[in-house]
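As structure tokens, the structure follows; a few thoughts come after it.
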Amino acid sequence: MKRTPLVLASTVAGLTGVAVFHSTPQKVVLSALNATAATTPTTASAAPTPSAGATPTTSATTVTPTTTPTAAATPTTSATAAAVPSTTSTVVAASASRSATGPVVNYYYGQLSVKVTASGTKITGITIATLSDGGNPYSAYVDHASLPMLQREAMSAQSANIQGVSGASYTSAGFAQSLQGALSALKLK
Amino acid sequence: MTTNAPHTRHQRIEVMGTVVTVDLYGDGPLQTPEVDAAITEAEAVWHRADRTFSTWRADSPINRLRRGEIALGEAPSEVADVLDGCRLAKEVSGGWFDPWAMPGGVDPTGYVKGWAAACALEALRVPGVTGAMVNAAGDIASFGGVGGVAFRVGVVRPDAPEALACVVTLRGSIATSGDYLRGSHLRNPFTGEATTRVASASVTGPDLALADALATALAVGGDEVLARIERLEDYEALTIGLDGVRGWTTGFAFAETHNRTGTRTTQ
């Protein structure tokens, strides 16, 4: 079973006639701008206007490929939960579904550790196991924005047919460090 | 011509408090001295940019310039280049991107990452490499593609960042800005307030430095900036509102297979 994180919120079919941008025919050319502030009425390469309006992508649950599917009660061993930058990683479970938590590392706003779940040689989930930030609001930001970048990066090769992901993020080297630890523990890297 | 998987090579660079990934694609093996040297140079470009432009290092040229300890002419020449680029970005964005409106004097940080990625990408144009991407934590500079086909890049869904809002056919670069949650770091240059008008703003175009600056401007300025980018040659944009509603410029390169939500345009 492939778990692609490519879940589009396609449920909402209500086409609200929204902000499709209808172009003005004139394009500003940078080179011209550089020289003077003049705008050159060139091109207008008759870009086809989108026919449909955009759909609001509300709701629609997204499948987060996290935790072990085999309800095998994979205990995320503690040990790592303490804010100790130990280098050891903990491997839990053996058979089909396995998980490991990387070392707790410092990142820009505090400390975190990354947990990786794998089935065979496939990564099935990457989550934050621990996060301490002293109440800094960026923690939520990091949790929701940065982690998925790495998660995507680690998983993209085996899921969606894409080569990269663009998104606002505060990816920290800390993620990479902890992730590496977890991956090594699972012998995935 | 074979159907073999393309050759790939990946490198991680930890710099500027983030992780930059370099992905190379070729028709033949990429473990060559030329490619080794190119990667080394790309890394050097990043570290040099960090030393020059870090606002966290007290003795960085940009900080010394900000404090008035040195004149622009005494700083490394890249500083003037970057400030020129910032000036252009400010003009093109109608002032919505404005490093001069930052507290503590001119701060080109919002431009430097894209600029450094673009410079690093140039170092990777060596024989054997038919496609390259430099991904600076979600802002991507690229040339070529994989197996003769343009790169496909997913844009993260702001309300569910483990999912993608759409996939883009990438020619050149793409930058995405936005404050998904609390803790806004984007600032309205006209009011000084930390606010955004959309949840996510993506800009594509040939130069990542400008695309990055425009994405920042777009996140803060919303529709007004989108209209400006519509008029700008070679640059396209997509916004996703806090309510999920999208807006885009007519040429935005949605990849075909991800138009299920009716966001079809070209390609």
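The values are calculated or read from the model by the stated rules, or taken from the named source; none is laboratory data. Computed from a predicted model, the values in this text were never measured in an experiment. Neighbour counts run over all protein chains shown; Cβ positions are idealised from the backbone, glycine included. Ligands, DNA and RNA are excluded from the accessible area calculation, which covers all protein heavy atoms including side chains. Shrake-Rupley method; radii C 1.70, N 1.55, O 1.52, S 1.80 Å.
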Quiz item: Is it the case that some residue within segment A:134-143 is touching an Asp or Glu at 6+ places or on another chain (Cβ under 9 Å), of a type outside the set (A, V, I, L, M, F, W, C) and at pLDDT below 55?
Solution: yes
Quiz item: Right, B:Thr40: over 16 Å from B:Thr130 (Cα atoms) and among the hydroxyl-bearing types (Ser, Thr, Tyr) or not?
Solution: yes
Practice problem: Just one of (1) touching a residue at least 40 places away in the same chain (Cβ under 8 Å); (2) more than 10 Å from chain A (Cβ to nearest Cβ) trips up B:Gly148, so point out which. | Solution: (1)
Exercise. For segment B:118-133, state whether one or more residues are under 17 Å from B:Ala211 (Cβ atoms) and among the hydroxyl-bearing types (Ser, Thr, Tyr).
Key: no
Quiz item: Inside segment B:44-88, can you point out the residues that are hydrophobic (A, V, I, L, M, F, W, C) and touching a Phe, Trp or Tyr at 6+ places or on another chain (Cβ under 8 Å)?
Solution: B:Ala49, B:Ile62, B:Val79, B:Val82, B:Cys86
Self-check item: Among (1) at pLDDT 95 or above; (2) touching a Phe, Trp or Tyr at 6+ places or on another chain (Cβ under 7 Å) - the single one B:Pro108 does not satisfy
Solution: (1)
Practice problem: Return only the number of the condition from (1) out of contact with any strand residue (DSSP E or B) (no Cβ under 8 Å at 6 or more places or on another chain); (2) at pLDDT 90 or above; (3) of a type outside the set (Val, Ile, Thr) that B:Leu242 does not satisfy. | Solution: (2)
Quiz item: Residues in segment B:26-35: is at least one open to solvent by less than 20 Å² (accessible area, probe 1.4 Å), among the hydrophobic types (A, V, I, L, M, F, W, C) and assigned to a helix (DSSP H, G or I)?
Solution: yes
Quiz prompt | Given (1) closer than 16 Å to B:Ser173 by Cβ; (2) away from every other protein chain (no Cβ under 13 Å); (3) among the aliphatic types (A, V, I, L, M), index of the condition B:Leu88 fails | solution = (2)
Quiz item: Mind checking which pairs have a first residue in segment B:241-267 that is more than 9 Å from every other protein chain (Cβ to nearest Cβ) and a second that is surrounded by fewer than 21 Cβ atoms within 10 Å (Cβ to Cβ) and modelled with pLDDT under 50, Cβ under 6 Å, 6 or more apart or different chains?
Solution: B:Ala253/B:Gln267; B:Glu256/B:Gln267
